[in-house]
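Accompanying notes for the structure given below.
The values are calculated or read from the model by the stated rules, or taken from the named source; none is laboratory data. Since the model is a prediction, treat every value here as computed from it, not as a measurement. Cβ atoms come from the backbone with ideal geometry, glycine included; neighbour counts cover every protein chain shown. Only protein heavy atoms, including side chains, enter the accessible area calculation; ligands, DNA and RNA are left aside. Shrake-Rupley method; radii C 1.70, N 1.55, O 1.52, S 1.80 Å.
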Amino acid sequence: MTGVTLENLVKKYGSVQAVKGVSLEIEDGSFVVLLGPSGCGKTTTLRCIAGLEVPDSGDIKIGDVRVNDMQPKDRDIAMVFQNYALYPHMTVYNNIAFPLKMRKVPNNEVKLRVQKVAELLNIAELLPRKPGQLSGGQQQRVALARAIVRQPKVFLMDEPLSNLDARLRLYTRAELKRLKQELKITTIFVTHDQAEAMSMADKIAVMNAGELVQYAEPYTIYSKPASTFVASFIGSPPMNLMKATMSSLGDGLSLDTGSFKYNVPAEDVKVIKDAGVTEVTLGIRPEDLTLTTKQTPDAIFDAEVYVVEPLGANTVVDLKLKDGLYKAVASGTFRADVGSKVWVTFAPEHIHVFNTASGAAII
Ligand SMILES: Nc1ncnc2c1ncn2[C@@H]1O[C@H](COP(=O)(O)OP(=O)(O)OP(=O)(O)O)[C@@H](O)[C@H]1O
Ligand SMILES: [Mg+2]
């Protein structure tokens with residue numbers, strides 16, 4: 001087992017800077033998810049690690065070895081793509097056995113290893129079939145089996161679940177997670193699905209426009225997003241962000257969004273003042289807002305109900321305020337009439353404060 005290190009990786013395609021100096025340390029045996037919007041450089045980063053693209057500058061290390069000049073086949077990496085190409089004329093068994101036969105592994109060992117990986121992925125009974133006789137999800141698992149069977153040093157997976165329907169995607173996601181615990185092979189998994197990233201990753205590397213913008217454990221990314229970009233990319237529905245004006249209040253500080261005033265807790269005042277910014281953006285997650293249909297003494301502001309979306313386990317409520325629409329997540333049984341008034345509270349520790357100009361988190 002081996003970790004992967006990127007040091008200042010840069011990759012350009014003509015005038016397009018696809019990857020702009022990414023440094024990333026991926027621990028031995030860990031499962032890291034590269035997450036970011038379309039075009040942010042995820043696939044390019046993977047392809048550089050696999051050796052399918054030559055970086056313009058920067059170093060790629062697998063374990064302690066710099067692999068920049070090493071052929072893809074010598075890097076001991078297995079890659080699973082979004083479009084898993086199985087060999088249509090071969091049985092599932094032969095598809096999975098192929099990488100082993102290529103490496104001249106003795107036949108009896110091939111048999112054992114194919115059987116084992118097929119059982120692990122729950123496809124043992126499909127071994128005699130051809131890919132054309134399988135569902136999309138089964139084909140996907142065969143593709144995974146073919147990558148796993150060889151026990152490479154590193155797995156690279158580029159949106160391997162994106163061709164599956166929603167249900168199968170959830171199922172395969174859980175299977176992959178179980179597999180990860182069993183195999184403990186260093187894995188870099190690309191997705192633009194934040195829920196997939198949150199649920200599977202040991203660590204998430206969030207990318208935006210070719211740059212790494214935050215690298216941390218999933219809960220840290222969720223609870224302490226480094227910027228408004230990360231804050232609005234993680235979480236569903238995304239964090240409410242509202243611009244606020246600052247005014248001093250004696251020793252304290254008050255932030256006014258136009259819809260409500262937020263008096264900054266004493267311990268945070270200095271941090272915000274020290275940041276030396278003039279414009280701040282407040283952030284609060286929809287699930288951190290508490291709604292009541294009757295006025296309560298601790299209500300921080302009231303709002304008009306714009307839309308109510310009951311989703312079963314919870315209810316998403318859109319609130320109309322002077323400065324725009326906010327989203328709140330209430331319990332599954334919450335109901336309110338459109339146009340009616342609701343009262344909103346939140347705990348001060350759930351407020352995030354960002355520098356409006358740079359987007360960087362202050363608190
Ligand atoms: N072969 C290429 N030639 C020119 N530009 C490219 C090439 N491959 C990628 N790019 C550009 O590099 C940038 C990063 O592309 P990349 O495929 O790495 O994004 P991505 O994060 O994987 O996106 P997606 O989520 O859509 O797959 C994009 O602007 C893309 O248009
Ligand atoms: Mg891609």
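Annotations
- Residue within the range 114-127 that is open to solvent by less than 10 Å² (accessible area, probe 1.4 Å), at pLDDT below 90, in the same structural domain as ILE62 (by TED's automatic domain parsing) and within 27 Å of THR45 (Cβ to Cβ) present: yes
- Looking only at the range 323-363, and only at residues there that are hydroxyl-bearing (Ser, Thr, Tyr) and not in a strand (DSSP E or B), the one that is most open to solvent (accessible area, probe 1.4 Å): THR333
- Residue match in the range 303-318 (condition: assigned by TED's automatic domain parsing to the domain that holds SER254, closer than 21 Å to GLY252 by Cβ and open to solvent by 30 Å² or more (accessible area, probe 1.4 Å)): no
- Within the range 261-283, the set of residues being within 31 Å of the chain's Cα centre (by Cα) and open to solvent by 90 Å² or more (accessible area, probe 1.4 Å) comprises GLU279 only.
- Residue check, ALA166 more than 29 Å from VAL269 (Cα to Cα) and surrounded by fewer than 18 Cβ atoms within 10 Å (Cβ to Cβ): yes
- Helices (runs of 4 or more DSSP H) (entirely within the range 14-123) containing at least 2 residues that are away from ligand 2 (no atom under 16 Å from the Cβ): 92-102, 107-120
- Among all residues of the range 80-88, there is at least one that is of a type in the set (Phe, Trp, Tyr), open to solvent by 60 Å² or more (accessible area, probe 1.4 Å) and touching a helix residue (DSSP H, G or I) at 6+ places or on another chain (Cβ under 7 Å).
- Any chance GLY258 is open to solvent by 30 Å² or more (accessible area, probe 1.4 Å) and either assigned to a loop (DSSP other than H, G, I, E, B) or within 15 Å of HIS350 (Cβ to Cβ) (or both): yes
- Flag if LYS116 is farther than 26 Å from ILE188 by Cα and not acidic (Asp, Glu): no
- Strands (runs of 3 or more DSSP E) lying entirely in the range 173-250 (those with 3 or more residues that are more than 27 Å from ALA328 (Cα to Cα), of a type in the set (A, V, I, L, M, F, W, C) and open to solvent by less than 10 Å² (accessible area, probe 1.4 Å)): 186-191
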